[in-house]
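The values are calculated or read from the model by the stated rules, or taken from the named source; none is laboratory data. Treat the numbers as computed from the prediction; the structure is a model and nothing was measured. All Cβ positions, glycine included, derive from the backbone under ideal geometry; neighbour counts span all protein chains shown.
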Amino acid sequence: MRARYRNAKDTRWLYRLEDRTLKYNRFANADRPMDELRKIADRVWAAEGGSRRKPTIRGTDGVRYGGKQYSFCSGFTDIVLARAQRNVLVLLHELSHALGPCVHGAKFIKLYFRLLHKWGGYNRPFLQSVAAERGIAL
Ligand SMILES: [Zn+2]
């Protein structure tokens, strides 16, 4: 129960961060066609995925959470991008799940923020200060 509560808190924090703070990056937040996102995912995976199988990336309506439709990654191999979330930010979020943890704890944030810097055009000191709010050192 305790771990579950922490996971829910981490998820709320992260979603709020994506909605309110990480959205100020045009490159990462621009709506893109699925084909373009798959090409970006190919490049990211070639550099980050090692010998792991690249996940399939599909566009659907996503899954409902707190009144909104969200994208998700299931079982490390299947990424679903919700209609309103077809952008590099969400793609990198889901690729971080495919490469690592399913929960949004410190391990996930470290990986996700590394990808946001390398592939999403976010500046590192900015990401470090955001992570520090949560007690996470990048
Ligand atoms: Zn997630």
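What the table shows:
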{"read-out": "Single residue of the range 10-27 satisfying the filter (closer than 15 Å to Ala84 by Cβ and in a helix (DSSP H, G or I)) that is modelled with the highest pLDDT", "value": "Glu18"}
{"read-out": "Filtered residues of the range 70-86 (kept if away from the ligand (no atom under 14 Å from the Cβ), outside any helix (DSSP H, G or I) and either modelled with pLDDT under 95 or out of contact with any helix residue (DSSP H, G or I) (no Cβ under 7 Å at 6 or more places or on another chain) (or both))", "value": "Thr77"}
{"read-out": "Enumeration of residues in the range 56-68 that are without any contact (Cβ under 8 Å) to a residue 24 or more places away in the chain and either of a type in the set (A, V, I, L, M) or in contact with an Asp or Glu (Cβ under 6 Å, 6 or more places away or on another chain) (or both)", "value": "Thr56, Val63"}
{"read-out": "Residue match in the range 43-50 (condition: assigned to a helix (DSSP H, G or I), modelled with pLDDT of 90 or more, of a type in the set (Asp, Glu) and farther than 22 Å from Pro101 by Cα)", "value": "no"}
{"read-out": "Among (1) of a type in the set (A, V, I, L, M); (2) more than 12 Å from the ligand (Cβ to nearest atom); (3) closer than 19 Å to Met34 by Cβ - the single one Leu92 does not satisfy", "value": "(2)"}
